[in-house]
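Encoded as structure tokens, the structure appears first; notes follow it.
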Amino acid sequence: MKHRRSDFATDFLFGTATSSYQIEGHGMGGAGRTIWDDFAATPGNVVRAENGARACDHYHRYAEDFDLVRAAGFDAYRFSVSWARVLPEGRGTPNAEGLDYYDRLTDALLERGLKPCATLYHWELPSALQDLGGWRNRDIAEWFADYTHVIMSRIGDRMFSVAPINEPWCVAWLSHFMGLHAPGVRDIRATARAMHHVLLAHGRAIQAMRGLGMQNLGAVCNLEWAMPADDTPGAKDAADRYDAIYNRWFLSGLFKGEYPALALEGLEPHMPTGWQDDFATIQAPLDWCGLNYYTRKLLVPDDTPWPALKEVAGPLPKTLMDWEIYPEGLYRFLARTAREYTGTLPLYVTENGMASRDTLQDGHVYDEGRIAYIDNHLDAVQRARAEGVPVKGYFVWSLLDNYEWALGYEKRFGLVHVDFDTLARTPKSSYHALATALKA
Ligand code: GBH
């Protein structure tokens, strides 16, 4: 790698990120059923109908995995808590085994000098709550605040930072409009409700944690730089609409207390009553903002109902996900987010990484493409920092090859290779390159 730790400020945090359902093994430890178990069980939703029942068996192997995080020289580790492991029915009686697990996991991080950065929802909603309408039901904000209180009463005293929800766009739009993630709904009314309730739940969770005296609370948004695919006014409009729905809705709700007009033009008729009165909760003050960044999107208008746009393939080199590699977008987002939404609030790149076809040879796993990807995105971070954007840390997605949602186990994002038969972990070239860079 061209970058090294000493090129960054001494308080800049390097970390790596994972999520509960993607690595833990959800069939273990008394966790309740989730919408991802249900979604994966319906043919056609997930490649080979794979699910997270065993995943990386991190539930039993977290100590070994955290040894790898420490040995690489990372400062911080971003993980998520499974709601259904803590509360199998989503509400009611906690699962003592689940609470004990996150307690041990927290201590295992601290013992290794790693800063625990928790996310409270990374997509595996307890099925029992889906039966009540899930993200369509306004009550989810209270269920989520109650769950937050339960888990944070146990581990909140030892967290470095907490974000309630990973990527609200995915929870709302990807899962209720596009139907590509659980619960696989394709309905504009459900989408509008989820777009709002996800932010309301975020705000109620922040309030619950403030009530426990917690600090360093933030939000994590996924961003994709939207660009017109050609120079027609129609393409420009399509890109602006995409930007409003995908990127601006959540940042604007959280930091300005309003939704962008270009998104409301399609969603307003479907919004839950009284939505305008919820911004005081949604805007509960935060201590930092996290950006997950992977790629850009090229848009053209389309002859379909609102939002009447479609994505087209671009010319840039792509990752195994077919996502164009566009580090410039990360620079632009860091600069724009600070300029238009967050001002001097610390920003973190809470996820960045790529899926690649790694080559295994003589016990080594070669993933040179991933090294270049990380290096080029660190350039973007440095460029933003040089201009005074307060970027305070960078987390690689992901520590381990894991359950890549609707794409099953085929797409590998890890710094560490996982053999899903033996569950053996093998650090890849990118892991070794980062380990060297973080010590230099
Ligand atoms: C992250 O989301 C997730 O937080 C993480 O769990 C996941 O493993 C990681 O990405 C890698 O996928 O092309 O229309 O099908 C990143 C946000 C949202 C970016 C979905 C790509 C593709 C939508 N992602 N998006 S589409």
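The values are calculated or read from the model by the stated rules, or taken from the named source; none is laboratory data. Everything numeric here is computed off the predicted structure, so don't read it as measured data. Positions of Cβ are backbone-derived with ideal geometry, glycine not excepted, and every protein chain shown enters the neighbour counts. Note: areas computed on protein heavy atoms with side chains; ligands, DNA, RNA excluded. Shrake-Rupley method; radii C 1.70, N 1.55, O 1.52, S 1.80 Å.
Considering only region 210-219, I want to know if a residue exists there that is small (Gly, Ala, Ser), open to solvent by 50 Å² or more (accessible area, probe 1.4 Å) and in contact with a His (Cβ under 9 Å, 6 or more places away or on another chain). Yes, region 210-219 has at least one match.
Taking every residue in region 280-302 that is within 18 Å of Ala335 (Cα to Cα) and within 16 Å of the ligand (Cβ to nearest atom) and pairing it with any residue that is open to solvent by 20 Å² or more (accessible area, probe 1.4 Å) and in a loop (DSSP other than H, G, I, E, B), at least 6 positions away or on another chain, the pairs with Cβ-Cβ distances below 7 Å are Cys289/Leu345; Tyr294/Trp323; Thr295/Trp323; Thr295/Tyr326; Arg296/Tyr326.
From the list Asp75, Asp7, Asp67, Asp11, the one residue that fits, being within 22 Å of the chain's Cα centre (by Cα), among the acidic types (Asp, Glu) and either within 15 Å of the ligand (Cβ to nearest atom) or open to solvent by 10 Å² or more (accessible area, probe 1.4 Å) (or both), is Asp75.
Taking into account only those residues within region 308-339 that are outside any strand (DSSP E or B) and among the charged types (D, E, K, R), which is surrounded by the fewest Cβ atoms within 10 Å (Cβ to Cβ)? Looking at residues that are outside any strand (DSSP E or B) and among the charged types (D, E, K, R), I get Asp322. Among the residues making up region 309-350, those that are hydroxyl-bearing (Ser, Thr, Tyr), more than 15 Å from the ligand (Cβ to nearest atom) and over 18 Å from the mean Cα position of the chain (by Cα) are Tyr331, Tyr341, Thr342, Thr344.
Residue-wise test of (1) more than 15 Å from the ligand (Cβ to nearest atom); (2) in a helix (DSSP H, G or I); (3) among the β-branched types (Val, Ile, Thr).
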| site | (1), (2), (3) |
| --- | --- |
| Leu174 | no, yes, no |
| Pro183 | yes, no, no |
| Arg189 | yes, yes, no |
| Arg193 | yes, yes, no |
| His196 | yes, yes, no |
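So that you can scan it fast, the table gives a plain yes or no per residue for (1) touching a Leu at 6+ places or on another chain (Cβ under 8 Å); (2) buried (at least 23 other Cβ atoms within 10 Å of the Cβ):
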| site | (1), (2) |
| --- | --- |
| Val86 | yes, yes |
| Ala128 | no, no |
| Val150 | yes, no |
| Ser153 | yes, no |
| Arg158 | yes, no |
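Go through region 14-49 and count every residue that is open to solvent by 40 Å² or more (accessible area, probe 1.4 Å) and within 16 Å of the ligand (Cβ to nearest atom). Selection size over region 14-49: 3. The residue pairs whose first member lies in region 402-423 and is part of a strand (DSSP E or B), whose second member is within 12 Å of the ligand (Cβ to nearest atom) and not polar (S, T, N, Q), and whose beta carbons are closer than 7 Å, counting only pairs six or more residues apart or on different chains, are Val416/Leu399; Val416/Leu400; His417/Asp401; Val418/Leu400; Val418/Asp401. If you go through region 396-422 and pick out every residue that is open to solvent by 10 Å² or more (accessible area, probe 1.4 Å) and away from the ligand (no atom under 11 Å from the Cβ), you end up with 7. Taking the conditions (1) over 18 Å from the mean Cα position of the chain (by Cα); (2) surrounded by fewer than 22 Cβ atoms within 10 Å (Cβ to Cβ) in turn, Leu180 satisfies each one other than (1).
With the structure loaded, tell me whether Leu360 is open to solvent by 20 Å² or more (accessible area, probe 1.4 Å), part of a strand (DSSP E or B), away from the ligand (no atom under 16 Å from the Cβ) and more than 18 Å from Leu298 (Cβ to Cβ) or whether it fails that test. In short, yes.
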